[in-house]
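Notes follow the structure.
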Amino acid sequence: MPDSKSWVEQITIALIYKFMDDMDRQSEELGGVTAFFSGEFIKYAWSRLLDKNLGGHERLQVYAEGIAVMDRNPSIPQIFRDMFKGAFLPYRDPETVNLFLKEINGFSYDHSERLGDAFEYLRPNRCGSNNLLAGDTLRVPGGFPTAGRCRRAVWPSTDGRRTYTR
């Protein structure tokens, strides 16, 4: 993606998407019913999206379609519908989508400060650049290769002014 604003939007949308499914799962565990992914929208549930039986292209299609139609879901709060209004997936590489969704899936809502980690771990950067918000690669925790033009993992230095590649 060309700019950091696009990444912030994509991370925010994915976190809200996952949050809605997490709340539905929690409701079911407590004997309730799903509130967000019901009716015609059940096919877009995060838990179904991450089903291991889905191939990369199918997962990409379901996720792209899900975020595109979620603003018409009458079961979600208006503020969420507003956030999904006009949402689209700006990249169409199944590998990138799989990595992105896998990383989003690893975040939990047990501590609000940890949610900011998603933006730190997944923000774009340019390999070898000290401008961590300027590039077009996906940085993920754990240091495995980034998806995008550069195939090097990037870690920020402790002083925040430099990045180091491995």
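Starting at the first residue of the range 37-49, write each ³J(HN,Hα) from the Karplus equation 6.51 cos²θ - 1.76 cosθ + 1.60 with θ = phi - 60°, in whole Hz, x for Gly and Pro.
Calculated HN-Hα couplings, in order: 9, 9, x, 5, 8, 4, 5, 9, 3, 3, 4, 6, 4 Hz.
Can you list the lysines whose alpha carbon sits under 24 Å from that of residue 5, skipping same-chain ones fewer than 8 residues off?
Cα-Cα hits under 24 Å: 18, 85, 102.
Under the classification rounded if a/c is under 1.5, otherwise prolate if a/b is larger than b/c and oblate if not, where does the range 33-103 fall, given a ≥ b ≥ c as square roots of the Cα gyration tensor eigenvalues?
Working: a/c = 2.34, a/b = 1.44, b/c = 1.62.
It is oblate, given that a/c is not under 1.5 and a/b is not larger than b/c.
Could you tell me the calculated FRET efficiency between residue 65 and residue 93, based on Cβ-Cβ distance and R0 = 25 angstrom, to the nearest 0.05? Let's see the in-between values first.
Values: r = 16 Å, r/R0 = 0.66.
The computed FRET efficiency comes out at 0.90.
Output wanted: per-residue J couplings in Hz (rounded whole) for the range 97-104, from phi through Karplus 6.51 cos²θ - 1.76 cosθ + 1.60, θ = phi - 60°, x for Gly and Pro.
Per-residue couplings from phi come out as 4, 4, 4, 4, 5, 4, 5, 4 Hz.
Roughly speaking, what is the stretch gain from residue 30 to residue 48, that is 0.36 nm per residue apart minus the C-alpha to C-alpha distance, in nm to one decimal?
Details: separation 18, 0.36 × 18 = 6.48 nm, distance 1.97 nm.
This chain segment gains 4.5 nm when fully extended.
Taking the beta-carbon count within 10 Å as an exposure proxy, list 97, 62, 8 from fewest neighbours to most. Present the calculation step by step, with values, prior to reporting the outcome.
Details: 97 22, 62 18, 8 15.
Lowest count first: 8, 62, 97.
Values quoted throughout were computed directly from the atomic coordinates according to the rules given, and no laboratory measurement underlies them. As the structure is a prediction and not an experimental result, all values here were calculated from the model. As a convention, Cβ positions derive from the backbone with ideal geometry for all residues, glycine included, and neighbour counts pool all protein chains shown.
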